[in-house]
Amino acid sequence: MKRQAIVAANWKMNGSLSLIKEMISALNSVKLAENVDVVVCPPAPFLSAFAVCAQSESLQANIHLGAQNVSEHKSGAYTGEISTDMLNEVSVNYVIVGHSERRSVYKETSTQVAHKVKATLNAGLTPILCIGESEDERTAEQTETVLASQLQPVIDEIGIDKFIDVVIAYEPVWAIGTGKTASPEMAQATHLFIRQFLANANQIVADKVPLLYGGSVNAANCEELFAQTDIDGGLIGGASLKVDEFKIICSSAKGS
Ligand SMILES: O=C(CO)COP(=O)(O)O
């Protein structure tokens, strides 16, 4: 089954205009395998600058721009929020939705995340839906229950058929920014669970959805992780701020 491979950079609240420029010129020389897309998700104030610079540098076509969050509302009195229309205006193609930091720090619920996924799809943007369990939940053998409880509200909201346009990022919370990566075997087993969970509702969709792994991915561990059958790329935090390291990670991805 051919699936799109994706390497996405989540800069979180880091980076600068100068890093945008540096990253674009570095990525323009990276050799990507066939069927691999790269997505850079800088903080919102830099989206427009990325789009302008990408155009003036003729950035290769399979490198895209992503946002880290979006409002579930169309427009109106929502101070501080950013709409899907605004993202479309600045050439954004992807939106990270439901990152664990949004869920834990900003108390986004799975229902709200489902609304955001719907708004994103309705605007013709691709959501990168993040799911993942905490360390306590893994220890209590609750991983599968937690992942199912994060996926089901989205399936209920948009319908399983629309998942064909969704990217899922599995990010175990205990592996984020800790240097503690899930072993390739553990990550593969969890990705397989996610794919089977989707397959229970629609096999064709399950075969097609790119499943990214996130959590302390770096230049040293990416190859082994990306070699797993059900891992179709990664969502990279800290290592995506280091231009040379991110280039290595991008060139390690293989389209399946
Ligand atoms: O949260 C992440 C990406 O969204 C992962 O962050 P790190 O790669 O820094 O662990």
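We did not get these values from a lab; they are worked out from the coordinates using the rules stated. Note that the coordinates shown come from a computational prediction; the quantities given were computed from them, not determined experimentally. With ideal geometry, Cβ positions are generated from the backbone for all residues, glycine too; neighbour counts draw on all protein chains shown.
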Unmet criterion (only one of (1) under 16 Å from E144 (Cβ atoms); (2) touching a strand residue (DSSP E or B) at 6+ places or on another chain (Cβ under 6 Å); (3) more than 16 Å from the ligand (Cβ to nearest atom)) for G255: (1)
Members of the range 33-61 that are surrounded by 19 or more Cβ atoms within 10 Å (Cβ to Cβ) and more than 24 Å from R103 (Cβ to Cβ): V36, D37, V38, F50, A54, L59
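Given the residues S18, S48, which is the only one that is among the polar types (S, T, N, Q) and without any contact (Cβ under 8 Å) to a residue 12 or more places away in the chain?
Details: S48 fails: without any contact (Cβ under 8 Å) to a residue 12 or more places away in the chain.
The match here is S18.
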Qualifying residue in the range 99-117 (condition: out of contact with any Leu (no Cβ under 7 Å at 6 or more places or on another chain), under 26 Å from S18 (Cα atoms) and among the aliphatic types (A, V, I, L, M)): no
Some residue of the range 83-101 being within 16 Å of the ligand (Cβ to nearest atom) and among the acidic types (D, E): yes
Filter result for the condition that a residue is within 28 Å of I20 (Cα to Cα), near the ligand (Cβ under 10 Å from one of its atoms), in a loop (DSSP other than H, G, I, E, B) and not β-branched (V, I, T), over S216, S240: S216
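Determine whether G159 is touching a residue at least 40 places away in the same chain (Cβ under 8 Å), surrounded by fewer than 18 Cβ atoms within 10 Å (Cβ to Cβ), at positive phi and not hydrophobic (A, V, I, L, M, F, W, C). Even if it seems obvious, please write down each step before you answer.
Details: touching a residue at least 40 places away in the same chain (Cβ under 8 Å): no; surrounded by fewer than 18 Cβ atoms within 10 Å (Cβ to Cβ): yes; at positive phi: yes; not hydrophobic (A, V, I, L, M, F, W, C): yes.
So G159 fails the test.
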Qualifying residue in the range 24-39 (condition: in contact with a helix residue (DSSP H, G or I) (Cβ under 7 Å, 6 or more places away or on another chain), within 16 Å of the ligand (Cβ to nearest atom) and within 30 Å of R195 (Cα to Cα)): yes
Residues located in the range 148-184, provided they are outside any strand (DSSP E or B) and within 17 Å of Q228 (Cβ to Cβ): E171, P172, A175, T181, A182, S183, P184
Count - residues of the range 193-230 that are among the small types (G, A, S) and within 16 Å of the chain's Cα centre (by Cα): 3
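Count, please, the residues in the range 179-190 that happen to be surrounded by 14 or more Cβ atoms within 10 Å (Cβ to Cβ) and either hydrophobic (A, V, I, L, M, F, W, C) or over 15 Å from R138 (Cβ atoms) (or both). Working first, answer last.
So in the range 179-190, the residues surrounded by 14 or more Cβ atoms within 10 Å (Cβ to Cβ) come out as 181-182, 184, 186-190.
From the residues that got through so far, the ones that are either hydrophobic (A, V, I, L, M, F, W, C) or over 15 Å from R138 (Cβ atoms) (or both) too are 182, 184, 186-189.
Residues that pass the stated criteria total 6.
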